[in-house]
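Shown next, in structure tokens, is the structure this report addresses.
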Amino acid sequence: MAADPKPEEISHPPMDQLQGLEYCIDSNPSWGEAVALGFQHYILALGTAVMIPSFLVPLMGGNHGDKVRVVQTLLFVEGINTLLQTLFGTRLPTVIGGSYAFMVPIISIIHDPSLMRIPDDHLRFLSTMRAVQGALIVSSSIQIILGYSQLWAISSRFFSPLGMVPVIALVGFGLFDRGFPVAGQCVEIGFPMLILFVICSQYLKNFQTKQVPILERFALLLSITVIWAYAHLLTASGAYKHRPEITQKNCRTDQAYLISSAPWIKIPYPRQWGAPTFDAGHCFGMMAAVFVSLIESTGAYKAASRLASATPPPAHVLSRGIGWQGIGILLDGLFGTMTGSTVSVENIGLLGSTRVGSRRVIQISAGFMIFFSVLGKFGALFASIPFPIFAAVYCVLFGLVASVGLSFLQFTNMNSMRNLFITGVAFFLGLSVPEYFREYTTKAYHGPAHTRAGWFNDFLNTIFFSSPTVALIVAVFLDNTLDYKESARDRGMPWWVKFRTFKGDSRNEEFYTLPFNLDRFFPPS
């Protein structure tokens, strides 16, 4: 008869840091490997950097040349913002990229009657771009003030591991519509990409060359190279010659018109589209997107800290990062990137897939962004990868980030009915409310908030389009009002409290100290 299992055999003790990572935040692979990994992060960041302008620029009246310039500008500023964040912000290995959270107010600006009446398409594009720039410049003050005043650090004392679980998880799960629904638009390249990436990164991860798990570490580059070549073969053979236009747009490798439209060398600069214009209504709507970006980034930073094998960022470090992100949105407005900034969720997922959470790798990827945005033709070559290839990878990487959020449940008591109620309701509403807003907008061509005050409509519609934002509102409210005094242990507060201050854990100094001895001017709290 088999002996009863011991308690340690059927349970796993909570762990502050994830196990099995090859390189943590401040350990670095060899320079050759770091450069290759940095290039891999750059390739992944191209997906969002191309998708957002490809959707918005035609609505504004822009042509292919305008789209290329916006993509180049977005990548250039992404590189600058990523360097600023990794050097002086949270110092976590996070890529700061374009954000979909700004879509609602930007589309509202595009459809402003005063701009729609402009007959010349190019002039309408420039006027719309300047209006978006002005709104971004003004609204960036939200994150700058909340970050540098430490107000966001003070607000974070209401966050518990339990309250953060739905927020972090929905940073990944909330992007489900950018996964297989996009990959399925060209299933003959999207599905093979998904299968090949999973096989290389998981089933063949023990295959090594010179003691480097090359298939696991470079699964993204290998898979994209193979499937991109396959897609080009289908395009060159005429497989899509008589297919519908939407299929050709999603599947062909020659439909982006980026390479032919890109200049050989072009350095983006502030006010390249002209002087920004300012409208109070546009600015109020954009402020909601900046607030959403702040919440999504808060969850993303905590996920990145786990996948970089670091401690959760102390409150003042998190607030410092939000302040620098506000400066990033200010730069977006000055340069004209067409959208604001947030933490790139897919690049956080890639940290876990490669098991390399090194800060240096992300800084190298920022160098690639700046370099290839200046050398337009070369950057446009990589940016012409069909969207379904990126979307297939998102299916894995977004899911990986979401599961990191679920891992915070280990610090809470999930045998508590209170905790089950809060977690379940926050998850469900975090998915259900934005889905209601999306369906309503698709059918009615406007959001559920539809009053005569356009800025008010944009504000509410933007807030409730975001799954992490809805989850934070619900989870943090319930967690701080339902028997919260008696439930500190169940909420995971004893584990969380030591990470609130810089000196609460000895490892914080190793992970989050500013370079160049700058902490003497900005002493940690």
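Numbers below:
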item	result
Top-ranked residue of the stretch 397-421 - restricted to ones that are of a type in the set (A, V, I, L, M, F, W, C), within 21 Å of the chain's Cα centre (by Cα) and open to solvent by 20 Å² or more (accessible area, probe 1.4 Å), ranked as nearest to GLN202 (Cα to Cα)	LEU400
Residue among MET116, MET51 that alone is under 17 Å from the mean Cα position of the chain (by Cα) and surrounded by fewer than 24 Cβ atoms within 10 Å (Cβ to Cβ)	MET51
Helices (runs of 4 or more DSSP H) contained entirely in the stretch 249-355, each with at least 1 residues that are among the small types (Gly, Ala, Ser) and open to solvent by less than 10 Å² (accessible area, probe 1.4 Å)	280-307, 315-335, 345-354
Inter-residue pairs, beta-carbon under 8 Å, first touching a residue at least 12 places away in the same chain (Cβ under 8 Å) and part of a helix (DSSP H, G or I) and in the stretch 229-246, second open to solvent by less than 70 Å² (accessible area, probe 1.4 Å) and among the β-branched types (Val, Ile, Thr), 6+ apart	TYR230/ILE189; ALA231/ILE189; ALA231/THR253; ALA231/ILE389; HIS232/THR253; LEU234/ILE189; THR235/THR253
Leading residue by the ranking (modelled with the lowest pLDDT) among those in the stretch 376-404 that are part of a loop (DSSP other than H, G, I, E, B) and more than 13 Å from SER260 (Cα to Cα)	ILE385
Given (1) part of a helix (DSSP H, G or I); (2) open to solvent by 10 Å² or more (accessible area, probe 1.4 Å); (3) over 22 Å from THR298 (Cβ atoms), number of the condition LEU146 does not satisfy	(3)
Hits in the stretch 98-113 - residues which are assigned to a helix (DSSP H, G or I) and either of a type in the set (Gly, Ala, Ser) or open to solvent by less than 10 Å² (accessible area, probe 1.4 Å) (or both)	ALA101, PHE102, PRO105, ILE106, SER108, ILE109, ILE110
Checklist (1) touching a residue at least 24 places away in the same chain (Cβ under 8 Å); (2) surrounded by fewer than 21 Cβ atoms within 10 Å (Cβ to Cβ); (3) under 25 Å from the mean Cα position of the chain (by Cα) applied to GLY424, failing item	(1)
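For every residue, the table says whether it meets (1) open to solvent by less than 60 Å² (accessible area, probe 1.4 Å); (2) not small (Gly, Ala, Ser).
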| site | (1), (2) |
| --- | --- |
| GLY430 | yes, no |
| VAL433 | yes, yes |
| HIS446 | yes, yes |
| PHE456 | no, yes |
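The values are calculated or read from the model by the stated rules, or taken from the named source; none is laboratory data. For clarity, every value in this text was computed on a predicted model and none was experimentally measured. Note: ideal-geometry Cβ built from the backbone for every residue, glycine included; neighbour counts use all protein chains shown. Accessible surface is based on the protein model in full, side chains and every heavy atom, while ligands, DNA and RNA are left aside. Shrake-Rupley method; radii C 1.70, N 1.55, O 1.52, S 1.80 Å.
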